[in-house]
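Since the structure comes first, as structure tokens, the remarks are kept for the end.
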Amino acid sequence: MKSIISKIILGGFVVGAVGLSNAQKIDAKAKKILDDITANYKSKKNTYFKFSFGSGVNGQVAKTEPGIYYSAGDKYKLKIMDTEQVFDGSKIYNINADDMEVTIAKPNGSGTMFSPINYLSTYRNDYNVAYGGKKTVNGVSTDLIKLTPVKPNGLSYVYLFVDSAKKQMVKLEQHGNNKDVAVIAIKEYKENQELDPNMFVFDKNKFKNYVITEL
């Protein structure tokens, strides 16, 4: 489980952007739902939610772990188990408390950073988008949207389950070509909170005993 989480956090939940294709197909109803959710998130000063992260093979989740996520504009902080990732708007800081290591890198144009809601922007260029009808998730009526890569990127498909009434993401399922599955189930939303000014700041002084590598 730990190795899977580290791989996802360090590598990004989405493999790189593949560029716009003339063959790309985006369902109009699905597009409106995703655009409405995107606009809702962007209208907030900040967003917080808890989530459960699950992973497994052959489409079956074997184990889940809790996580928390804060975002404000382009900045975010994510924590799963003993691994934390912070994006301060310029650099990504991957902090592993168990191994006492920090990796610092700048995002590049060919990759997408981990974020439970990053598909809201990357779908426009990278995926065919289809509406899959209504599905009930944990008692919530959701709209199912299926994303299929325009070009090979290691993923077979992605399912997004969204609460269109509240304009919020409820669940995300990522299915790899190798039959691996990763699932994020989002809960306990909070918006427009008074956050610590240093929420998205990496302070090296707090990690003096860590091995820090800047790529």
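Roughly how many debye, to the nearest 20, is the charge dipole of region 112-215 about its Cα centre, given +1 on each Lys and Arg Cβ, -1 on each Asp and Glu Cβ, and no other charges?
Here region 112-215 has a charge dipole of around 260 debye.
Using the Karplus curve 6.51 cos²θ - 1.76 cosθ + 1.60 with θ = phi - 60°, what ³J(HN,Hα) values do you get for each residue of region 36-41, in whole Hz, with x for Gly and Pro?
Those phi angles translate into 5, 5, 4, 4, 5, 4 Hz.
Placing +1 at every Lys and Arg Cβ and -1 at every Asp and Glu Cβ, with all other atoms neutral, what dipole size does region 53-103 have around its Cα centre, in debye to the nearest 20?
220
List every residue whose amide H lies under 5 Å from the amide H of Val150, counting only residues 5 or more places away in sequence or on a different chain, with H placed 1.01 Å from N in the peptide plane.
For Val150, the qualifying residues are Tyr127, Asn128.
Could you compute the net charge surrounding Leu144? Neighbours are other residues with a C-beta less than 15 Å from the C-beta of Leu144; K and R count +1, D and E count -1.
+3
Of Lys25/Lys50; Lys63/Lys106; Lys106/Lys146; Lys91/Lys135; Lys32/Lys179; Lys106/Lys206, which ones are farther than 27 Å apart at the Cα?
The answer is Lys25/Lys50; Lys63/Lys106; Lys106/Lys146; Lys91/Lys135; Lys32/Lys179.
Which ³J(HN,Hα) values in Hz, rounded to whole numbers, follow from the phi angles of region 172-182 under the Karplus curve 6.51 cos²θ - 1.76 cosθ + 1.60, where θ = phi - 60° and Gly and Pro get x?
Rounded to whole hertz, the list is 9, 10, 10, 10, x, 5, 8, 6, 5, 10, 10.
What are the ³J(HN,Hα) values, in whole Hz, obtained from phi via the Karplus relation 6.51 cos²θ - 1.76 cosθ + 1.60 with θ = phi - 60°, for each residue of region 192-198 in sequence order, with x given for Gly and Pro?
Taking θ as phi minus 60°, the curve returns 6, 8, 8, 8, 4, x, 9 Hz for region 192-198.
Computed from the coordinates by the stated procedures, all read-outs in this text should not be read as laboratory data. Keep in mind that what you see is a predicted model, and the values were worked out from it rather than measured. For neighbour counting, all protein chains shown are included, and Cβ atoms are generated from backbone atoms with ideal geometry for every residue, glycine included.
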